[in-house]
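The values are calculated or read from the model by the stated rules, or taken from the named source; none is laboratory data. Everything numeric here is computed off the predicted structure, so don't read it as measured data. Positions of Cβ are backbone-derived with ideal geometry, glycine not excepted, and every protein chain shown enters the neighbour counts. For the accessible areas, the whole protein counts, side chains as well, though only heavy atoms, and no ligand, DNA or RNA atoms are used. Shrake-Rupley method; radii C 1.70, N 1.55, O 1.52, S 1.80 Å.
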Amino acid sequence: MTESNGSVPPDRDAAVDGDMCVDERAEDGRQTRGGQVPDWEKRFRAPRVSLPDWAEDAPDRSLFVSNATGTYELYAWDRSSGEQRQVTDRPNGTTDGVLAPDGDWIWWFDDKDGDEFGVWRRQPFAGGADEEAVPGLDPSYPAGLALGRDGRTAVIGRSTDEDGTTIHLARGDGGAPVEIYRHRESAGVGDLSHDGSLIAIEHTEHGDAMHSALRVLRPDGSTVAELDDTEGGEKELGLEVLGFAPVDGDTRLLIGHQRRGRWEPLVWDVATGEQTDLALELPGDVSAEWYPDGSALLIVHGFEARSELFRYDFAERGLTEIDTPAGTVSGATARPDGSVEYLWSSAAEPSAVRSTTGRVVLDPPGPKSPGSVPVEDVWVEGPGGRIHALVQKPAGAAGPLPTVFDIHGGPTWHDSDSFAAGPAAWVDHGYAVVRVNYRGSTGYGRAWTDALKHRVGLIELEDIAAVREWAVTSGLADPERLILTGGSWGGYLTLLGIGTQPEAWALGIAAVPVADYVTAYHDEMEGLKALDRTLLGGTPEEVPERFEASSPLTYVDQVKAPVYISAGVNDPRCPIRQVENYVKRLEARGAVHEVYRYDAGHGSLVVDERIKQVALELDFARRHLPES
């Protein structure tokens, strides 16, 4: 389930598990062995579930996402009876949903074919007809949602090209929503206090879309408190809302900060101004959420592509580790009985929703996903410092191997020791897979994440080139059989890489990429315009030389490798027109390329479509990669 609070995501990566969908022109491409469905396809088809959200005032009521029908949709789950019910049913799927604190209402975002532009709708938990949740608000891109305890009162964030960001308060009495905030720069709803008297928002009025400031408002829009770590000429620190204390009348707000070079939590009493720095002394990025009684915090610590859980008790001011297996916790929540539920996986083992009680919380019916091979850690010296890469290869295989550099999106994201069906498919077909946490990735400190400014794309490719050199000289990779691939920002780096490093790559496979940076800027959603202005230091008109240097279109005539591109015709993040501009240049040169335009947005939530994508990418590599 996607996060409901916060501003427009400061990245381009919106697809579930990073899997994109591609070409309908070729045949299905299913590869069978003796009529059996291969393991790589079973991984996509196996039923999967998200970490269930639960209603604060009705903890037996939960909401989760599953692909049980072949499309990712929202499901209601009554834990007391065990009954599960599908809530949404749309051709292109639904993942953005929120369960109201009273457990009586489910809100979900209704867009058109993945264009991310729409309205919030709601449905009773027990079932019944959907209704428009806030009549009177025009469609927009979502910029956060926080629900009151009655399930009808709501704070709604909206983003449009015309208005920038607006935030509205809708009361449960059915009256017209009231605008309480407006600004041209990106902003979003953080949280609504337990008693509904305080509203926390994140904003970037200072013009730096990568680092938010915080403001707390009353329901009438007047300001209670402000916190801005970008003031005083320092433009490298950000803040984030993690949530109000879950107790009536409690004015403590849990926030994340970067004051010591990484994400850490602190407690800010917005009434008194007091800040309680927890000083946890953990080396990686730290996030947190409240235990239901407000007496402790559930800590999630991510460091060097893995994560772990702790409990922090305010009375003792100390950490207690919560035992979890080695791998990645991609979500966790503390229950009223003190137990913790978490979504866990590793590169070798598929995801599962577990509990500190020792049981599997939610085990979807149907065939189980096959596992894959473990990931190996590699550290490579690069131009900006040590680069962490994750490597998988077929069991027992000796190099040099055909090797896929699978580049993550974001760019403010990272690859981790977690289960991913896409890389596992390449391994099944005899490839080594290398994933690079280049500068710009999260989990390695603020300086590493913020290093992208101005030389966007080129910095990441320097790190990828350093790891490529290691892969070849170590004997892992066959230098004549290297594939550069990725989706979203990873697709952008793929096209930029095969243009700026034409001798390095045998193939390029780019899903939903930025291909023509100037046109992408003019056509993309408003929140991403703000991000690009921050990354490049202005608009295409203000800094044309930077946009030119960072645009794949600039280097398209240097591309030598066959290239495969997929693009969603409704994509608001990497819009279709800029892809068409790049493709026309390939066509004019007679360059070897294949293109697929699919009828959805920034990726697909339909399992069959995603399987087709992987099959076609594998087939493209089979047909175009040189023989060993």
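At-a-glance table
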| item | result |
| --- | --- |
| Cross-chain or 6+ apart pairs with Cβ under 8 Å, segment 611-627 first and in a loop (DSSP other than H, G, I, E, B), then open to solvent by 10 Å² or more (accessible area, probe 1.4 Å) and not charged (D, E, K, R) | LEU625/PRO402; LEU625/ALA506; PRO626/ALA506 |
| Subset tally (residues that are of a type in the set (S, T, N, Q) and either open to solvent by less than 10 Å² (accessible area, probe 1.4 Å) or part of a loop (DSSP other than H, G, I, E, B) (or both)) for segment 537-595 | 6 |
| Boolean, VAL512 is within 24 Å of the chain's Cα centre (by Cα), under 17 Å from LEU586 (Cα atoms) and open to solvent by less than 10 Å² (accessible area, probe 1.4 Å) | yes |
| Subset of segment 110-122 that is surrounded by 21 or more Cβ atoms within 10 Å (Cβ to Cβ) and not acidic (Asp, Glu) - its residue that is farthest from ASP191 (Cα to Cα) | GLY114 |
| Residues located in segment 330-355, provided they are of a type in the set (A, V, I, L, M, F, W, C) and open to solvent by 10 Å² or more (accessible area, probe 1.4 Å) | ALA332, LEU343, ALA348, ALA352 |
| Residue, farthest from ALA447 (Cα to Cα), within segment 383-392, restricted to residues that are in contact with a Phe, Trp or Tyr (Cβ under 9 Å, 6 or more places away or on another chain) and crowded, with 21+ Cβ neighbours inside 10 Å | GLN392 |
| Segment 72-96: number of residues that are within 18 Å of LEU362 (Cα to Cα) and either open to solvent by less than 30 Å² (accessible area, probe 1.4 Å) or in contact with a helix residue (DSSP H, G or I) (Cβ under 9 Å, 6 or more places away or on another chain) (or both) | 8 |
| Residues being open to solvent by 10 Å² or more (accessible area, probe 1.4 Å) and within 18 Å of the chain's Cα centre (by Cα) - total across segment 97-107 | 1 |
| Residue tally, condition of a type in the set (D, E, K, R) and assigned to a loop (DSSP other than H, G, I, E, B), over segment 344-393 | 5 |
| Candidate set from segment 193-248 (those that are open to solvent by 40 Å² or more (accessible area, probe 1.4 Å) and at positive phi); member that is modelled with the highest pLDDT | GLY232 |
